[in-house]
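So the structure is just underneath, and the comments pick up after that.
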Amino acid sequence: MSSRAADVIPAADRRSPDRPTPDLATSDLPAARTARRGAAAVLLDGVLKRFGTVTALEETRLRVEQGEFLTLLGPSGCGKTTLLNLMAGFLEADAGEILIGGEQVTATPPYERQIGIVFQNYALFPHMSVARNVGYGLRMRGVPKREIAARVEETLALVKLQGFADRSPRQLSGGQQQRVALARALVIRPRVLLLDEPFSALDKNLRGAMQVELKEIQRRLGVTTVFVTHDQGEALSLSDRIVVMSAGRIRQVGTPDEVYRHPQDRFVAGFIGDVNTLPARLETLSGVRATVALGDLRREVEAAALRDRPPGSPVDVFVRPDHLGVRPAGEGGTLPARVAALVYQGSHIDLHADLATGERVVVRVPGQGALATHAPGTAIGLAVPQGGLVAFPPE
Amino acid sequence: MGRRLSTRLLRVSGRLLVGLILAFIVLPAVVVTIAAFNERAILSFPPTGYSTRWFTRALTYRDFQTGLWNSLVVTAWSSTLALLVGTGFAIALKRYAFRFKGTLEGVLLSPLIVPHFTIGLGLLMLATGIAAGQGFPVLVLTHVIVVLPFVIRSVFISLQNIDGRLELAAASLGARPGAVLATITLPLLAPGLVSGWLFAAILSFNEFTASLFVTSQATQTLPVAMYGYVREFADPTLAAVSVIYIAVTAALLTFANMVLGLGRVLNVEQSR
Amino acid sequence: MTPAIRRRPFLPLFVVPAALVAIAITAGLAAILRFSLHAYVPGSLDVGGFTLDNFADLARPIVLRAMRDTVLICFETALATLILGYPVAYALVRTRSALLKSVILVTAVTPLFLGEVVRTYAWTVVLGNSGFINATLRQFGLIDRPIQFMFTEFGVVVALVHVTLPVMVIMLAAALAHIDRDYEKAAQSLGAGPVRAFLTVTLPLSMPGVVAGFTTAFAWTFSAFATPQVIGGGKVGVVSTLVYQLGLSSFNFPVAASLSLAGLGLALGTMWAVRRAARPLEAMGGH
């Protein structure tokens, strides 16, 4: 019933009644996007999926808010695609419930879910023209011919493909094919737009431009979007919130800044952004903060994961390459190290150094000066920042 | 230098060898064509004169006329039925898990290994047992059984080349299973269906051993009639029929190769 | 990994017709089994009581000799087909000319779709005493009296090789087509000549196809009826001709049935043994 209504009311208008008043209970989200509790765009409650004896997705709870751009991020096999397939209805959950727009859809087949999906290879119907591809969903809904033509044209304009209506998908470039796939998914005014690694088949230059464009379209239409990727860069730049997954479990849910700067476990810290691991010793622990000894240095670290560890136990401190600094050897407040290799990266140099304790670290040095001043073999002092450090128990 | 020479020698002798083997393959067809135009009633080489009278006799010989008609009827029925049965089964085989799937597949593909004379004998005994005699239904059933493995294989390979995500995309766009089948799966499957039907038809039209067991004088197919003829006469009439057979089959295959890419259907294209 | 659409729309529509055909196949085999276990009543298609005599009947010399000859002929044919089929398959897969590829393919494959009767008849024209070969040889004065090809095992094998060659070429070509050409290039870059590269890389990798082709050629030859019947002319007795003789000439269904089953067992058993013996060869394919 709701899917019929959805056909008639344009997406932007349809969503407005649900536009919520700010809700303090979910204040970790940008207030404008926070929805009423009962009207999450997608709600997975205790959803679980097994393939034979392998658990692809452990019992999972996840809310996708109206209009937000949510990214499922993780390495292959982490369960993100399973989660996507469960939302789309291509897979049936072994336990738990799935609600879309507050409506129970756990047992609803894909063709009644009113969901748009863009596949990695776009899955354009090779035997249909661009216009017939885009109009497919409307034909399946029995929309009158004239309205189909109008909406197809409108949507092709939205993705900047006017004049391509009669082409065959085979005659299009990768970027154009992706626009057709996007148009085909959007023209049915989906309650949720699912994107399955849509950029991975594009070459690097095109990818950036398509990302910006997708984000613009998504913001303009306000369509709730669930995006699956293994590329942390894509996730950080596009998402309102990121769901980091591994081994069939959600590891952390948060804004890009939260997962980047305040990772909750080793996996998240290591998967998002480049990171160095420094061995250290726990000195004092108070709540979620701790003091650790890094050689002769003392540092305050985030230590939510160190609960119940006794003082003196070994811990790993995670620090980003761009947070470390290079100082002259022997300078106070630094760790002694020796340059092992310099890797030219254009705007910066990645300086690889070996600590006296044997660990290899990478320091991101802006500019190209380091090439001349820090030849391999040079002794240096490694400056470790006071803030922005996170510690985890050793593996 | 010596190496290059030996390589070239190898290549030339390889080509010669392949040429000879291909000559072995076409030899009977060539010889039978010459024999068909032979003027004399006794097969002899080289022919003393040329004539088309054996073609005339072949086309007017009653057994061949009824045999041809029977063959066309049986071929049309059995290849069409096999296509319907085989397409559905290939889809189920590729897409679904169901009870007795492996058993069913094994039984349906068994005519590739079980000798045709065994299949023919079995159906003859079955037909005798239920008093169906050697009528057309049993004959058509026999042909369906014999050609079905080829249809299943042809459709299955075509299904493998269809990206399953196309069907998922269609479903997400609101297409019910019937609509997915009608608007996505079957149109994309069309070349596989045409080639499956074509192969089924050619094989059915040529089927002999199993047919021999389940046909009577009234229902005998063209190959059975030809076999009967070769046992009784030694004139070149059969050569004329053979030439017609060879020409039609080669034409159909050349057509299939041009339209569908025989190499793809037979799965012998170099993968890279 | 693409998940299947959940549920199974149209499952009965897809499977039930196929299941009916499968039931017919099974019923046919069951009918053979039933006849094989019941006594022969001369002059009638009905059968007598339960008996194992039909199988004991198979111990006659004529039957045993037919079985032995069948297996021998099948082996000879499969082997000869393999030796002739490999170069053609190799040329088919590796030739760069699209035209040549089409020519080889259509030439090699056409006989597959020509029924046994046409092909067998054509061979009688080639092999007969006044046939093509003898006439040509006599023309050149190489022989005074025709060489006897008809009604010999040699003639039967030649015609059978012709019958099984297409399927062998197709199976070998399929195997060769899926071998990455870079392996051979890598071997040649390491200093192996074309022959060594072929012998050490391509040939071993194609072994699964060789074994599959051999067993299929074996099964096809076992199934052949018109060729041994017409070219063998009663002088070369094999299982298929004997079954026909018993079943349709003498209408001794019970013994025809028991011989069919014994033949099926013999065919499956031999193919199983071949596959088993060839397991080390197949392992070379690395799959």
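Residues considered: A:ARG309, A:ARG281, A:ARG320. Of these, the only one that is out of contact with any helix residue (DSSP H, G or I) (no Cβ under 7 Å at 6 or more places or on another chain), touching a residue at least 60 places away in the same chain (Cβ under 8 Å) and farther than 16 Å from A:ALA383 by Cβ is A:ARG309. For the range A:221-239, the set of residues classified as of a type outside the set (Asp, Glu), touching a residue at least 40 places away in the same chain (Cβ under 8 Å) and in a helix (DSSP H, G or I) consists of A:LEU221, A:GLN232, A:ALA235, A:LEU238, listed by residue number. Taking the criterion of being facing chain C (nearest Cβ under 10 Å) and part of a loop (DSSP other than H, G, I, E, B), the only residue of the range B:167-179 that qualifies is B:ARG176.
Against the numbered list (1) farther than 18 Å from B:ILE202 by Cα; (2) within 13 Å of chain C (Cβ to nearest Cβ); (3) of a type in the set (Val, Ile, Thr), B:THR60 comes up short only at (2). Can you name the residue in the range B:165-198 that is touching a residue at least 12 places away in the same chain (Cβ under 8 Å) and over 16 Å from A:MET128 (Cβ atoms) and, of all such residues, is surrounded by the most Cβ atoms within 10 Å (Cβ to Cβ)? Among them, the one singled out is B:GLY196. Just a yes or no: is a residue in the range A:119-127 free of Cβ contacts under 8 Å to residues at least 24 places away in the same chain, in the same structural domain as A:ILE217 (by TED's automatic domain parsing) and in contact with a helix residue (DSSP H, G or I) (Cβ under 7 Å, 6 or more places away or on another chain)? The answer is yes, given that some residue of the range A:119-127 is free of Cβ contacts under 8 Å to residues at least 24 places away in the same chain, in the same structural domain as A:ILE217 (by TED's automatic domain parsing) and in contact with a helix residue (DSSP H, G or I) (Cβ under 7 Å, 6 or more places away or on another chain). Only one of B:PHE24, B:PHE37 is in contact with a helix residue (DSSP H, G or I) (Cβ under 9 Å, 6 or more places away or on another chain), surrounded by fewer than 17 Cβ atoms within 10 Å (Cβ to Cβ) and among the hydrophobic types (A, V, I, L, M, F, W, C); which? Step by step, each of B:PHE24, B:PHE37 is checked, and only B:PHE24 is in contact with a helix residue (DSSP H, G or I) (Cβ under 9 Å, 6 or more places away or on another chain), surrounded by fewer than 17 Cβ atoms within 10 Å (Cβ to Cβ) and among the hydrophobic types (A, V, I, L, M, F, W, C). For the range A:101-116, the criterion of being touching an Asp or Glu at 6+ places or on another chain (Cβ under 9 Å), within 16 Å of B:ALA169 (Cα to Cα) and buried (at least 21 other Cβ atoms within 10 Å of the Cβ) is met by at least one residue.
Annotation for the range C:35-42: no member residue is touching a helix residue (DSSP H, G or I) at 6+ places or on another chain (Cβ under 8 Å), closer than 30 Å to B:LEU159 by Cβ and facing another protein chain (nearest Cβ under 8 Å). No other residue among B:ALA97, B:ALA76 is of a type in the set (A, V, I, L, M), within 23 Å of the chain's Cα centre (by Cα) and more than 30 Å from C:PHE132 (Cα to Cα) apart from B:ALA76. For the range C:172-191, the condition holds for no residue, the condition being that it is of a type in the set (S, T, N, Q) and either facing chain B (nearest Cβ under 7 Å) or crowded, with 24+ Cβ neighbours inside 10 Å (or both). Every listed requirement among (1) more than 7 Å from every other protein chain (Cβ to nearest Cβ); (2) surrounded by fewer than 24 Cβ atoms within 10 Å (Cβ to Cβ); (3) among the hydroxyl-bearing types (Ser, Thr, Tyr) is met by C:THR110 save one, (1).
crowded, with 17+ Cβ neighbours inside 10 Å, closer than 24 Å to C:ASN252 by Cβ and acidic (Asp, Glu): is that true of C:ASP53 in this structure? When the stated conditions are applied, C:ASP53 does not pass them. Taking the condition in a helix (DSSP H, G or I), more than 8 Å from chain C (Cβ to nearest Cβ) and either hydrophobic (A, V, I, L, M, F, W, C) or under 30 Å from B:LEU126 (Cα atoms) (or both), does B:VAL230 pass? Against the criterion (in a helix (DSSP H, G or I), more than 8 Å from chain C (Cβ to nearest Cβ) and either hydrophobic (A, V, I, L, M, F, W, C) or under 30 Å from B:LEU126 (Cα atoms) (or both)), B:VAL230 does not qualify. Taken together, the residues in the range A:356-395 that are β-branched (Val, Ile, Thr) and modelled with pLDDT under 85 amount to 2. Taking the criterion of being at pLDDT 90 or above, among the polar types (S, T, N, Q), surrounded by fewer than 18 Cβ atoms within 10 Å (Cβ to Cβ) and under 30 Å from B:ALA239 (Cα atoms), would at least one residue in the range B:45-64 satisfy it? Yes, the range B:45-64 contains at least one residue that is at pLDDT 90 or above, among the polar types (S, T, N, Q), surrounded by fewer than 18 Cβ atoms within 10 Å (Cβ to Cβ) and under 30 Å from B:ALA239 (Cα atoms). For the range C:102-153, filtering for residues that are of a type outside the set (S, T, N, Q) and in a helix (DSSP H, G or I) leaves 25. Residues in the range A:57-73 that are among the polar types (S, T, N, Q) and under 22 Å from A:ALA247 (Cβ atoms): 2 in all. For the condition among the hydroxyl-bearing types (Ser, Thr, Tyr), in contact (Cβ under 8 Å) with a residue 12 or more places away in the chain, buried (at least 18 other Cβ atoms within 10 Å of the Cβ) and not in a helix (DSSP H, G or I), B:THR219 qualifies. Is it fair to say C:ALA66 is within 14 Å of another protein chain (Cβ to nearest Cβ) and either more than 30 Å from B:GLY129 (Cα to Cα) or of a type in the set (Ser, Thr, Tyr) (or both)? The answer is no for C:ALA66. Taking the criterion of being of a type in the set (Ser, Thr, Tyr) and more than 9 Å from every other protein chain (Cβ to nearest Cβ), the only residue of the range A:73-91 that qualifies is A:SER76.
Counting only helices (runs of 4 or more DSSP H) that fall entirely inside the range A:99-186 and contain at least 2 residues that are under 24 Å from B:LEU188 (Cα atoms), acidic (Asp, Glu) and within 12 Å of chain B (Cβ to nearest Cβ), no element qualifies. Here C:VAL163 qualifies as touching a Lys or Arg at 6+ places or on another chain (Cβ under 7 Å), more than 8 Å from chain B (Cβ to nearest Cβ) and either surrounded by 20 or more Cβ atoms within 10 Å (Cβ to Cβ) or without any contact (Cβ under 8 Å) to a residue 40 or more places away in the chain (or both).
One residue is enough: does the range A:310-321 have a residue meeting the conditions over 23 Å from A:GLY273 (Cα atoms), loosely packed, with under 15 Cβ neighbours inside 10 Å and touching a Ser or Thr at 6+ places or on another chain (Cβ under 7 Å)? Yes - at least one qualifying residue is present in the range A:310-321.
For the range C:218-287, the helices (runs of 4 or more DSSP H) that sit wholly inside it and include 2 or more residues that are within 10 Å of chain B (Cβ to nearest Cβ) and not small (Gly, Ala, Ser) are C:226-232, C:239-244, C:253-277.
The values are calculated or read from the model by the stated rules, or taken from the named source; none is laboratory data. As the structure is a prediction and not an experimental result, all values here were calculated from the model. Reconstructed Cβ throughout: ideal geometry from the backbone, glycine too, with neighbour counts over all protein chains shown.
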